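I have placed the structure first, in the form of C-alpha cells, so that the comments after it can refer back to it.
The values are calculated or read from the model by the stated rules, or taken from the named source; none is laboratory data. What you see is a predicted model; the values in this text were computed from it and never measured. Virtual Cβ from ideal backbone geometry, glycine too; neighbours counted across all protein chains shown.
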Amino acid sequence: MSFRKRSDIISGGANPAPNRGPVPSIPGRGPIPSIPGRTPVVPGRGPIIATRGPMVPGRGVPVGRDVTGGIAKTSDETEIDQEQEIVNKFKEILKPSSLNSSPTISTGIPDLDKLMGHQAGMPLGSSLLIEENGSTDFSGIILKSFGSQGIIHNRLDAQSPNTHLVVLTLNTNWAKELPGLYKGNSKQRKKMAIKENEDKLSVQNLINKPDKDLRIAWRYGINDAKKRELEKSAAEDDIYKNFNHQFDITTKLNPLVNPTEITYIPVTNFAKIYKQLLQVLEQQKDKIVRLIIPSFLNPAMYSPMLTTLTEVLPFIHKLKALTRTHTNLIIAATIPLDLYSKDSILVKTMESLFDSVIQLEPFKQDMLAFLEKAYKNEPTKVSHGLVHIFKLNSLSDNGQMLVTKNEYSFKNGRKKFEIEEWGIPVDDEADEGEKQTTKDIEF
Amino acid sequence: MSSQTQSSAVLLQRVLSLKEASPLILVLDTIFQSSHTLLSEINHRISTSHPANTVNKQFFSFETTALSPGLSDFEFHDVSCLCIKQVIELISSKINPSVKNLILIDSINYVENVHLSKFINEIIQSENITILTTYHTSLPEFENNYQSNQQGVYPSSYSLLTFIASTILEILPHTPNTHMQDDEESLLKDRTLLQSKGYNNTDFITLHLTNKRKSGRSVNYPFTLNLRNHEAYPLVKQQTPTESDEDLLKGLTTFNLTTSAKQKIVKDQVELPYFQAQELMGEAAGAIVYQYEKDDDYDEEDPYEDPF
Amino acid sequence: MTSQKQELHLFSGNAIIPHKSLTKSHLFTTISHVQGTSPTWLVNYLIDNALYDTCLLNEGQSTRSSVKSGVVFISLINDSKTYEAGLKKLGVDLKSIPQFQFIDLFTDLFTKVQPQEPQSIAKLFDSEVFPHISKTKKPIIFIEGLELLLLSTQITSIQLLGYLSQLTSLSKSLFLITPSDSELHDITTINTQSSRQHQYHDFLIRVLHRTNLNIALRPLSTGKAKDVTGTLTISRGSVPFEGLDGLEILEREYLYLVSRDNSVKLFFR
C-alpha cells in the first residue's frame, strides 16, 4: 500500500514527521494502486465497503464556527448579471479563463486545471465527466480533491463561507475521506515547524484563522523548479493564491467536513434527486455549489431501473440545464467504463451533454511492472495510467477538435495527483537529458 | 443481340410511359441515388405519350412535403399524418374510373409491413390503376413486433413488394465501374454516411428493369438513362471470356464449348521456340551450362576449376 | 492540398444560403458532426448568412445591410447565450434583431417532456414551437438536438419525422444539426445494438431521403492535428435542389481549422 504513512501528516503542523528521507519517493507501491481503506480487488465497488476506522481523533468539528450564518443570509440583489455578481463575490477563489475571461474555479488537482485548456481551471456553470476503465478508483481521488478544494475555499474566511458540497451517493461517510492540504516535503515541513514555533502558534489557531504567510509558503512549495515556467509572475500568483491548493491524499482534511458544508443526496430515483438538488441550490444560491457524483450508475447504488436511457439521459440533460441557469454550480461525475461501454448510446450521449470529458485508463499490471523496471531508480516517474481527453469545456463546443488519446498520463503520488505528457520510457531516454544518467547507470 | 437491345429499349419506353399494363411499378432506390429524378423522367414520358388530361395523376406523400417541378401536374396529398385506413379511403376517393390513374406513393417504406399487402390490394381494384411507388432499400428492416411474435415467419416488406410488383425499376448510381453494391454496406457506416460526394447524379442514372410478362416470364435489362435528353441506352454486358464463362456454359449446351482433358494435353505439347535452347545445352536437368570462352582465365592448379 | 485560404460556398455563383432561390424551392440541409467536430462555428456563420446574406469567411461578403430573412433557431441542447456569444464575435447582436427568434427547448425540456409519454412531445411542439413560427413570412429554421428525443424517450423515428415535416412546411429552408457518431446509429456492429440505435439509424436514413444538401464535419481519420481541425464535406442530398438560374450544389471537401481564438480557415482538399 502506498499510503501507509497516512498517520504521519495527520498530526499536521504540530509534529511533522522529522525522519522522512530526502527523496519523496513512494516506497512499496503495489502494482494495482488502490484507495486507502478499500480492498484492492473490488467487484462490487461502492460506498458500502468504504467504511473505515474511526476518524482521526483529536480533531473534532470546529466549534464556534458560524457556518449556518452564511446560509441564512440570502442576497436580495436582483439577478441582472448573475455571472458578474458571482465573479465579484468569489473573486478570491476564481481565476479568469485565458480564452474568454469567464470565471473558472479549481478542480482541486492543479494539473487537471491546466488540462482544462483555460490556463486556469474549470469554468463556473459547467460539468466534468471522468470515465475510468477497470475496477480501480483513480477518478474517485479526483472527486475527493474536488471536494477538498471546495471545503478549503469555504474555510478561507470563517465569516463568509463560499462553497457547499453536494454529493450524490449512499455513502454518508464520503466526506470523511477527503484529503488534507499538502504541506510541503519534509524539508519544507521542518522549516514550517520552526516558523511555527517561533510564532508560537498553536495548531488550533492555525486552523481557525489561516495564516496568509503560511499559505504563501505552501504555494512556493508547489512551485518547485519544473513547474516554474508554467507559473505566472509572482504578483499574479499572489492574486490567485487561493485559487487552488494541493492535497495530500495520505492525510485527512482537518477539521472534518462540517454537516453544514455538505449535503448528501441519497440515490433514490432521478425525479426525487433532481428535486432535492433544486432545493439545495435554492438554499445555497449565494455560494458555489460543487455537485459530486461518484461512480455514476454503479449498480451498487443504482438499481437497474435507473440505468435505462429514458431515465439517465433526461437526468443528465436536466443537470446540464442547471449548469446554464445556475452559474454557481459546477459538477464533477465519474462513471465506470467497465460497466457502461464507451460504445454505448448511453455513454456517448452523456458525453455530449457534459462540458468536459476525460477518461482514465489505468495501466495493466504488466505495463506497470515494465515501467517500474524502466524507472528502477526513479520510482516517482512511474505513471499509473493514461489520460484521454474527449471534450474540454467551451473549446470543444466552439468547434475545436480536442480528442487526444494516449498523450497524457497520470500519476497518483502521495503529494499530488499529477497529469503530464505521456512518453514511453525509451522515448524519454532520448528526449530528456535528465534521464540519460539513469540509463547510464543501468548499462 | 441488337434485336434484343432494341426490344428492351421499347419495353422500357412502354413501361415508363404507362403503355404497358402494370398494376404495381416498384422503384427501388438508395440514399446514393434517389428516385426523384426517375419519377420526373416517368412523368415526362407519360406527358409526351398521352394526350392531356387522359391520365389522372395523384401524388400521395408520406415523405416529401412539396411537389418537385418535374411532377407539377400531379395533385398533391400529404398523408404523413393519416392512419393507413384514412390513406386508403383518400386514395380510393381520388380514383377516376373513366381514365388511366397513376397513384404515386412516396414512399412505401412508411406503410407498415403488416399492412402492406392489404394496402396495395385495396387500391388496385380496377384495370386502369397503376401504383407507382418508391421503396428505399437503404432503410434496414428491423424486426417488428408482429414478426417477433410470430417467430419471424411473415415476409419482409422488401420480399413482399418485389413479389407483388409487376415491374421493378432498381436505380443505381451511374458509375463507370459498378463496385457500388459491394461497398454499400461500408458506405452506410459513419465514415461515409452523410458525406459521400458524387452520388445522386441528376444527369445520368443506371436502371435495372425487371418486368414480369403476362406469359409468366420475367425479363431483366440494365440501362443507362440520360435524364437531360430523355434517352435510354441499354447496357450491354462486356463479354469478357473468362474461366467462369466455361463454368457458366457447362451443362447448358448440347455441344461442347470447353476443352477436354485430351485437348489440353495436346495443347500443352505444342512446341514453343524457347524449348529448343534448353534442349541444346540443358539435357542434364538442373546442370549449370557453361561454355568455355577464350578470354576466360583457366587455372590448372585449381582443383575446383572444372568447367565440365 | 493548397495552403491558400478558401471561401465557403455551398452553391454555384458563390452562394451559401441561396436566398433568391428559396422563394421557389425549399432547401433542406443536414449538418452532421461527431464528437470533436462541434458545428457551432459553422452554424454561427450560417445564422449570419441566413440573416444578412453575409459571411465573414468570404471576401466582399462582410457588409451587412438589411435583414434578408427571418431566422428561427430551435435548440434542445443549448441555451440562447451560446449563439448570442458566438454571433457577437461576428459582429451580430442577435438580441437586437427582431427577425431572429430563439426557441429554447433546452432549459426545461424534461420537465415538459415525460420520456414514457409520446404525447408530451406532441404537446411540446404544438405549444412551444409551431405557434411561434410566422406563417406569413416563412423563416429559415435551424434545429439542433432533436436526436435527444429519439434516444431518451419512447418516440419512434417516424413520429419524430412528422415534426420535422411540419417544420419543413413552416420554413423556406430547414437546417437539421445532428450528430452522426457511429455509436449512435451504426447498426453493423452487433455488440451494442439497441432498439434506440435502430430508431436513430432509421431516422438518419429517412432524413437523408429528404435532404437537398448534406454538410458533414468530421475529424481527420489520423486524429488530432495542429493545423487542421477536420474536414467539411458538402454533398448533394437525395432530393435535387431546383434553384433559380441553374443554381447547383458545389460538391466539395474542405479542410478547416478552428483556432484557439475561434477564427476559422478553410482550405480545399
Among helices (runs of 4 or more DSSP H) completely within the stretch B:207-281, the ones holding 1 or more residues that are modelled with pLDDT under 70 and of a type outside the set (Lys, Arg) are B:243-249, B:274-281
Could you pull out the residue among A:395, A:368 that is within 14 Å of chain C (Cβ to nearest Cβ), crowded, with 20+ Cβ neighbours inside 10 Å and out of contact with any Asp or Glu (no Cβ under 9 Å at 6 or more places or on another chain)? A:395
Within the stretch C:26-46, count every residue that is touching a helix residue (DSSP H, G or I) at 6+ places or on another chain (Cβ under 8 Å) and away from chain A (no Cβ under 14 Å). 4
Given the criterion within 14 Å of chain C (Cβ to nearest Cβ) and over 26 Å from residue C:81 (Cβ atoms), identify the matching residue among A:277, A:309, A:322, A:297. A:309
List pairs: first residue in the stretch B:203-227 and surrounded by fewer than 19 Cβ atoms within 10 Å (Cβ to Cβ), second residue not in a strand (DSSP E or B) anywhere in the structure, Cβ distance under 6 angstrom, at least six positions apart or on different chains. B:203/B:227; B:203/B:228; B:204/B:174; B:212/B:166; B:222/B:235; B:224/B:235
Regarding the stretch A:328-339, can at least one residue be identified that is away from chain C (no Cβ under 13 Å), under 24 Å from residue A:424 (Cα atoms) and touching a residue at least 40 places away in the same chain (Cβ under 8 Å)? no
Quick check, is residue A:402 assigned to a loop (DSSP other than H, G, I, E, B), facing chain C (nearest Cβ under 9 Å) and over 25 Å from residue C:104 (Cβ atoms)? yes
Which members of the stretch C:203-238 meet the condition of being more than 8 Å from chain B (Cβ to nearest Cβ), without any contact (Cβ under 8 Å) to a residue 12 or more places away in the chain and either on the phi > 0 side of the Ramachandran plot or β-branched (Val, Ile, Thr) (or both)? C:222, C:223
For residues that are in a strand (DSSP E or B) and of a type outside the set (Phe, Trp, Tyr), scanning just the stretch C:1-50, find the one that is surrounded by the fewest Cβ atoms within 10 Å (Cβ to Cβ). C:6
Quick check, is residue A:316 assigned to a strand (DSSP E or B) and buried (at least 19 other Cβ atoms within 10 Å of the Cβ)? no
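Let's see how each residue does on (1) modelled with pLDDT under 90; (2) not in a helix (DSSP H, G or I):
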{"residue": "B:5", "(1), (2)": "yes, no"}
{"residue": "B:13", "(1), (2)": "no, no"}
{"residue": "B:41", "(1), (2)": "no, no"}
{"residue": "B:57", "(1), (2)": "no, yes"}
{"residue": "B:70", "(1), (2)": "yes, no"}
{"residue": "B:73", "(1), (2)": "no, yes"}
Only one of (1) touching a Pro at 6+ places or on another chain (Cβ under 6 Å); (2) more than 29 Å from residue A:402 (Cβ to Cβ) fails for residue C:69. Which number is that? (1)
With (1) without any contact (Cβ under 8 Å) to a residue 60 or more places away in the chain; (2) under 30 Å from residue A:404 (Cβ atoms) as the list, and residue C:41 as the residue in question, which single condition is left unmet? (1)
Are any of the residues in the stretch C:190-202 more than 23 Å from residue A:389 (Cα to Cα), surrounded by 19 or more Cβ atoms within 10 Å (Cβ to Cβ) and at the interface with chain B (Cβ under 8 Å from one of its Cβ atoms)? yes
Which strands (runs of 3 or more DSSP E) does the stretch C:65-152 wholly contain that include 1 or more residues that are surrounded by 21 or more Cβ atoms within 10 Å (Cβ to Cβ), within 14 Å of chain A (Cβ to nearest Cβ) and in contact (Cβ under 8 Å) with a residue 60 or more places away in the chain? C:71-75, C:140-144
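Residues are listed down the side, and each one gets a yes or a no for (1) more than 30 Å from residue C:197 (Cβ to Cβ); (2) assigned to a helix (DSSP H, G or I):
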{"position": "A:274", "(1), (2)": "no, yes"}
{"position": "A:286", "(1), (2)": "yes, no"}
{"position": "A:302", "(1), (2)": "no, no"}
{"position": "A:330", "(1), (2)": "yes, no"}
